[in-house]
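These notes are about the structure you will find just below.
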Amino acid sequence: MLAKLDTKDLEIQKNELINQINALKQKIQASIIQKDKLSKDIDENINLINTQIKKLDKLIEAKKYAIKAKENKLQKLANDYKRFSRLYKNRKISYEKYENVKTAFFVLQNEINADKKMLESMNEDKNALFIKLNIAENNKKEVIRLAKLTDSMKSQLKVLNDKLAFINQHIKESFIYAPFNGKIAKKFENPDEVVNAGSKILSIVNPKDLYVLVLLEETKLKGIKKGNYAKIHIDATNRDYDGYVEKILPASAATFALVPRDISSGEFTKLAQRFYVRIKFKKIPKDVLVGMSGEVEIAKSY
């Protein structure tokens with residue numbers, strides 16, 4: 001992996017979607033259970049739901065009591081936290097003592113928040129049970145309504161899953177991998193910078209794809225064919241290397257120039273065109289770098 005785009009916003013959206021999907025799955029499951037129960041004996045369902053409500057009421061009361069006890073304890077910790085903060089600021093206590101009180105305060109605060117969320121969930125479950133009870137007391141036509149509602153929620157679930165798959169694909173595409181084993185030649189962007197779509201981030205070089213690009217006049221191309229032996233001399237290393245002609249590009253160097261010659265006036269001077277010839281090393285040298293210059297001798301064949 002070469003680089004990773006910041007996926008924080010995408011991760012937040014992903015987590016929100018996962019929560020929505022899980023909540024919707026629970027609702028769908030509850031709806032299915034509801035419908036199945038309604039198809040059975042209504043009186044039996046009423047007795048069962050009433051038992052569940054009583055049991056949940058006890059749990060809710062117990063949870064409320066636990067939250068109240070923790071809130072009283074949190075108030076004391078809050079006072080200690082303020083006092084220790086003041087003492088630590090005045091360098092009268094150690095950082096360890098201050099950090100212990102601070103940690104205890106926030107841990108208990110998080111526990112209370114978690115308990116409150118659990119209590120909200122219990123109340124939601126209780127409300128769901130009352131809804132079930134009312135439905136159970138209605139006639140069997142409610143089963144049909146629940147079946148339609150379940151289908152509707154399943155459609156919503158499919159939409160959410162499609163959105164999640166779309167975000168996951170974006171997250172997957174936020175990781176940039178090298179297409180080959182090579183070396184980074186240039187870095188265009190630094191960490192934590194904002195880049196536009198299509199911007200260059202890194203340039204990488206494939207050491208196994210090292211070649212020499214030669215410009216030959218068209219008059220010297222005769223006898224130059226693919227596969228011809230070539231001797232490559234690199235100035236930087238002052239060494240000769242064996243190579244061969246890999247490719248002769250099909251258009252001259254001037255054909256696709258940014259500023260081509262203007263011959264619209266009818267004036268034309270005949271010039272020998274130059275063509276690119278790509279020379280590959282028979283054995284990739286370790287001491288030759290991209291951008292080095294040198295000379296090439298090519299053996300012709302007729």
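The values are calculated or read from the model by the stated rules, or taken from the named source; none is laboratory data. Please read all numbers here as calculations on a predicted model, not as lab measurements. FYI the Cβ positions are ideal-geometry reconstructions off the backbone, even for glycines, and counts take in every protein chain you see. With ligands, DNA and RNA removed, areas are computed over all heavy atoms of the protein, side chains included. Shrake-Rupley method; radii C 1.70, N 1.55, O 1.52, S 1.80 Å.
Restrict the check to segment 3-19 and report whether at least one residue is in contact with a strand residue (DSSP E or B) (Cβ under 7 Å, 6 or more places away or on another chain), in contact (Cβ under 8 Å) with a residue 12 or more places away in the chain and aliphatic (A, V, I, L, M).
Yes, some residue in segment 3-19 is in contact with a strand residue (DSSP E or B) (Cβ under 7 Å, 6 or more places away or on another chain), in contact (Cβ under 8 Å) with a residue 12 or more places away in the chain and aliphatic (A, V, I, L, M).
Quick check on my filter: what residues within segment 26-42 are buried (at least 16 other Cβ atoms within 10 Å of the Cβ) and either under 20 Å from Ser121 (Cβ atoms) or under 41 Å from the mean Cα position of the chain (by Cα) (or both)?
Selection gives Lys27, Ile28, Ala30, Ser31, Gln34, Lys35.
Lys63 is checked against (1) out of contact with any Asp or Glu (no Cβ under 7 Å at 6 or more places or on another chain); (2) under 13 Å from Ile112 (Cβ atoms) and fails just one. What number does that condition carry?
The one condition Lys63 does not meet is (1).
Identify, please: which residue in segment 43-52 is surrounded by fewer than 17 Cβ atoms within 10 Å (Cβ to Cβ) and in contact with a helix residue (DSSP H, G or I) (Cβ under 6 Å, 6 or more places away or on another chain) and is, among those, modelled with the highest pLDDT?
Gln52
Collect the residues in segment 201-232 that are open to solvent by less than 50 Å² (accessible area, probe 1.4 Å), of a type outside the set (A, V, I, L, M, F, W, C), in a strand (DSSP E or B) and touching a residue at least 24 places away in the same chain (Cβ under 8 Å), keeping them in residue-number order.
Matches in segment 201-232: none.
Out of all the residues in segment 15-65, which are acidic (Asp, Glu) and assigned to a helix (DSSP H, G or I)?
Of the residues in segment 15-65, the ones acidic (Asp, Glu) are 16, 36, 41, 43-44, 57, 61.
Hits for segment 15-65 are Glu16, Asp36, Asp43, Glu44, Asp57, Glu61.
Within the bounds of segment 70-89, is there any residue that is in contact with a Lys or Arg (Cβ under 7 Å, 6 or more places away or on another chain), surrounded by fewer than 16 Cβ atoms within 10 Å (Cβ to Cβ) and not hydroxyl-bearing (Ser, Thr, Tyr)?
Filtering segment 70-89 down to residues in contact with a Lys or Arg (Cβ under 7 Å, 6 or more places away or on another chain) leaves 81, 84.
From the residues that got through so far, the ones that are surrounded by fewer than 16 Cβ atoms within 10 Å (Cβ to Cβ) too are none.
No, segment 70-89 contains no residue that is in contact with a Lys or Arg (Cβ under 7 Å, 6 or more places away or on another chain), surrounded by fewer than 16 Cβ atoms within 10 Å (Cβ to Cβ) and not hydroxyl-bearing (Ser, Thr, Tyr).
Which of the residues belonging to segment 108-147 are in contact with a helix residue (DSSP H, G or I) (Cβ under 6 Å, 6 or more places away or on another chain), closer than 30 Å to Asn79 by Cα and either of a type in the set (A, V, I, L, M, F, W, C) or open to solvent by 80 Å² or more (accessible area, probe 1.4 Å) (or both)?
Leu108, Ile112, Leu119
Only one of these conditions is not met by Ile60: (1) farther than 17 Å from Gln26 by Cβ; (2) at pLDDT below 90; (3) more than 39 Å from the chain's Cα centre (by Cα); (4) crowded, with 16+ Cβ neighbours inside 10 Å. Which number is it?
Among (1) farther than 17 Å from Gln26 by Cβ; (2) at pLDDT below 90; (3) more than 39 Å from the chain's Cα centre (by Cα); (4) crowded, with 16+ Cβ neighbours inside 10 Å, Ile60 violates only (2).
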